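A quick write-up on the structure given underneath.
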Amino acid sequence: MHFTINGMQYDADIDVRTSLLDLLREHLGLAGSKKGCDHGQCGACTILVNGRRINACLTLAVMHQDDEIVTIEGLGTIDDLHPMQAAFVQHDGYQCGYCTPGQICSAVGMLDEVARGWPSHASADLARPIFDDDEISERMSGNLCRCSAYPNIVDAIREAHAASIESEQAA
């Protein structure tokens with residue numbers, strides 16, 4: 001099977017029952033995405049597929065051969081962090097760090113949803129959702145943090161969102 005992950009091409013000879021998460025971690029050595037519950041309830045395995053956030057533990061790798069897959073390893077580098085990664089560092093949006101890759105990938109996908117004007121269950125106005133803490137909490141509710149770093153995670157997301165708006169206005 002052939003995959004495009006973080007802009008690189010990979011071939012893998014795997015069982016068709018292999019989850020996307022297991023392909024990444026066990027077959028390709030991309031261990032940034034974490035295996036938390038393996039039932040889609042914690043969000044530790046959240047990655048981006050064609051720009052949309054998904055739980056990698058709930059989907060089969062074979063279903064994503066023609067997709068553009070981005071993991072935490074593909075968002076930025078140590079020398080050139082993605083703005084969301086930089087915001088998490090600045091606001092200490094992690095404690096033990098286990099959930100952080102999934103939190104960051106989910107937040108990046110969530111900000112894209114916001115930019116597209118997609119409402120959430122917390123949106124009072126479906127045509128023009130307001131990006132506030134209730135929206136962030138609702139949209140990030142699939143990503144759990146056992147250390148309870150939620151206030152810092154929200155601060156980081158808020159900052160990354162404000163920075164993206166500033167860069168759009170400057171362009």
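The values are calculated or read from the model by the stated rules, or taken from the named source; none is laboratory data. None of the values given here were measured: they were computed from a predicted structure. Here Cβ is always computed from backbone atoms with ideal geometry, including for glycine, and neighbour counts include all displayed protein chains. Quick note on the areas: whole protein, heavy atoms, side chains included, nothing else; ligands and nucleic acids left out. Shrake-Rupley method; radii C 1.70, N 1.55, O 1.52, S 1.80 Å.
For the stretch 1-101, the fraction of alpha-carbon pairs lying more than 19 Å apart is 40 percent, rounded to a whole number.
Computed from phi, the 3J(HN,Hα) profile of the stretch 97-111 under the Karplus parametrisation 6.51, -1.76, 1.60 (θ = phi - 60°) reads x, 4, 7, 4, x, x, 4, 5, 4, 5, 5, 5, x, 5, 5 Hz, with x in place of Gly and Pro.
Can you tell me the FRET efficiency between Ala170 and Gln41 if r is taken as the Cβ-Cβ distance and R0 is 45 Å, rounded to the nearest 0.05? E between Ala170 and Gln41, to the nearest 0.05, is 0.70.
Under a Gaussian network description of the chain, with springs only between Cα atoms under 10 Å, the residue in Val108, Val62, Val70 that fluctuates furthest is Val62. Other residues within the sphere of radius under 14 Å centred on the Cβ of Lys35, judged by their own Cβ, net out at -1 (K and R +1, D and E -1).
Couplings for the stretch 29-41, taken from phi via the Karplus curve 6.51 cos²θ - 1.76 cosθ + 1.60 with θ = phi - 60°, read x, 8, 8, x, 6, 9, 9, x, 9, 6, 10, x, 9 Hz in order; Gly and Pro are left as x.
If I compute solvent accessible area with a 1.4 Å probe over the protein chains, what percent of it on the chain is carbon and sulfur? Please report the intermediate quantities before stating the final value.
Working: 4710 of 9230 Å².
The value for the chain is 51 percent carbon and sulfur by accessible area.
Computed from backbone phi, the HN-Hα couplings of the stretch 142-155 come to x, 10, 9, 10, 5, 7, 6, 8, 3, x, 6, 5, 4, 4 Hz, rounded to whole numbers (Karplus: 6.51 cos²θ - 1.76 cosθ + 1.60, θ = phi - 60°; Gly and Pro given as x).
For the chain, a Gaussian network of Cα nodes joined below 10 Å ranks Ala127, Ala149, Ala56 by mean-square fluctuation, and the top entry is Ala127. With no solvent and one point on each alpha carbon, what is the Debye value of log10 I(q)/I(0) for the stretch 112-151 at q = 0.31 Å⁻¹? The calculated log intensity ratios at q = 0.31 Å⁻¹ are -1.08.
Please find, in a Gaussian network model of the chain (springs between Cα atoms separated by less than 10 Å), the residue of Ile157, Ile130, Ile78 whose mean-square fluctuation is greatest. So, out of Ile157, Ile130, Ile78, the one fluctuating most is Ile78.
Dipole of the stretch 36-171 computed with +1 at Lys/Arg Cβ and -1 at Asp/Glu Cβ about the Cα centre; of Asn152, Gln65, Gln41, farthest Cα towards the positive end is Gln41.
Kindly state, to the nearest 0.05, the FRET efficiency for Asp132 paired with Val89, given R0 = 22 Å and r defined as their beta-carbon distance. That pair, Asp132 with Val89, gives E of 0.40. Rounded, prolate or oblate: pick one for the stretch 61-171, where a ≥ b ≥ c are the square roots of the eigenvalues of its C-alpha gyration tensor, a/c under 1.5 means rounded, and failing that, prolate if a/b is larger than b/c, else oblate. Since a/c stays below 1.5, the shape of the stretch 61-171 is classed as rounded. Based on protein heavy atoms only, the chain ends up with 54 Å² per residue of surface accessible to a 1.4 Å probe.
With Cβ to Cβ distances under 12 Å as the rule, what net charge do the other residues near Glu138 carry (K, R +1; D, E -1)? Don't skip to the answer; put the middle values down first.
Details: positive: Arg139; negative: Glu113, Asp132, Asp133, Asp134, Glu135.
Surrounding charge for Glu138 is -4.
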